[in-house]
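First up is the structure itself, then whatever we jot down about it.
No value in this document is a laboratory result; all are computed from the given coordinates. Worth saying up front: this structure is predicted, and the values here are computed from it rather than measured. Cβ: placed from backbone, ideal geometry, glycine included. Neighbour counts: every protein chain shown.
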Amino acid sequence: MKGKRIALLEARLGRQLAELVEGRGGVPFHAPALAEVPDLDAGAIAALVQSLEARPARLAIFQTGVGTQALFKATDGLGATGRFVALLEKSTVAVRGPKPAGALRARGVRIDRPAAEPYTTHEVLAAIGDLSLAGARVIVQRYGTANAELDSALAARGAEVVEIPTYRWSLPQDTQPLRDLIGALERHELHAAVFTNAEQVRNLFAVAKTMGKVDALCQALNAVVVASIGPVASAALREARVSVGVEARPPKLGALLSALEAALK
C-alpha cells in the first residue's frame, strides 16, 4: 500500500485491521462507525427456553458469532445451557457463516444447514429452501438489527418467527472521528475507505447529514477506492450512490485487504 492513507470504519476488530494495513505499508485512519450495545434480556431467554420445551422449534438460525456467544453466556448464567442444547438437537440448525458455526461447535451443537459463501441472507434461505415451515416455529438469533428480509421470507412460508435479540448496533457515543473522516475525505487526504458492515455506511451518512454534507461525502468517497467486505455492505454503498471499487471474495479481512492492495497499485 506504500504509504497510502486508508480509512477504516470497523469497530470491534478495528485495531487488528489497522495493524494489517500497517503491515502492508499503509497508513490507517481509524474512525469507528458502530457501537455494539448489549440487548439481551435474561428473563426473556429463560422464558424462551421454557416455551421451547413445550413447543420445540423446527428450525433455529444463528447469524453471528458474537451474538451466538452472548446467547450461550446468558444460558450459562441461567443454568439452562444443557437444556437449550438438548432442545436444539430437536431442531434443524442453520448458520449464516463460519463464526456462528464455530461458536455452536464450541458448545457441542450439531450444524445441519451451513450457508454458502458469501454468507448473505440469500444463501441462508437457499440452505433451508427444502424445509417445510408452514405452521412451524423458527427461532432466529438476531444480529445488530432485525433482518427484515429473512423474517419476511420465513413468514411468507408460513413460519412463526421468534427473534432472539443479543445486541444492537448504534452510533458510537463519540462521533468526532467520523466527522474528522468526512473532513479528510473532503480535503482529498485519503486514498481508500474500507467498509466491513452495511451499518457503517448508514451511520457515516447519518453523521454527514447532521453536518449538511451528504452530497459532499458521496462525491468524496467516489474519488477514492472504496473496499467492501461483501454483497450486503456493497448494496448499502450503492444505495448511498457510492461506487464500490473492490469487494472481498471470500468475504474475509485478508481477501479484502489483498483486493484493496491490488487496486491501489
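Key figures for this structure:
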read-out	value
Debye log10 I(q)/I(0) for the chain, one point scatterer per Cα, at q = 0.13, 0.17 Å⁻¹	-0.87, -1.23
The chain, relative contact order in percent, only Cα pairs under 8 angstrom and at least six apart counted	20 percent
Distance between modelled label sites at Val37 and Cys218, nm, 7 Å Cα→Cβ extension	2.8 nm
At most 14 other Cβ within 10 Å, DSSP loop - trypsin sites (Lys or Arg not before Pro), segment 57-119	Lys90, Arg110
Helix 14-23 axis, angle to the chain major axis (alpha carbon atoms, nearest 10°)	50 degrees
Spatially proximal lysines relative to Lys73 (Cα-Cα < 22 Å; intrachain offsets below 8 disregarded)	Lys90, Lys99
Three semi-axes of the equivalent ellipsoid, segment 148-262, Cα gyration tensor, whole Å, largest first	28, 19, 13
Gap separating the Cα centres of segment 38-103 and segment 189-265, nearest whole Å	33 Å
Per-residue Cβ neighbour rank within 10 angstrom, fewest leading, Arg137, Arg238	Arg238, Arg137
Residues Arg5, Arg55 arranged by fewest to most Cβ contacts within 10 Å	Arg55, Arg5
Lysines whose Cα lies under 22 Å from that of Lys265, excluding same-chain neighbours fewer than 8 positions away	Lys2, Lys4, Lys252
Ser258 paired with His122, simple spin-label distance in nm, labels 7 Å along Cα-to-beta-carbon	2.2 nm
Most mobile of Gly230, Gly14, Gly144 in a GNM of the chain (Cα contacts under 10 Å)	Gly14
Neighbour-count order for Met211, Met1, fewest beta carbons within 10 angstrom listed first	Met211, Met1
Convex hull (Cα only) mean projected area of segment 38-169, reported in nm² to one decimal	7.0 nm²
Share, in percent, of DSSP beta bridges within the chain that are antiparallel, nearest 5	10 percent
Size of electric dipole in the chain: Cβ of Lys, Arg +1 and of Asp, Glu -1, about Cα centre, debye, nearest 20	340 debye
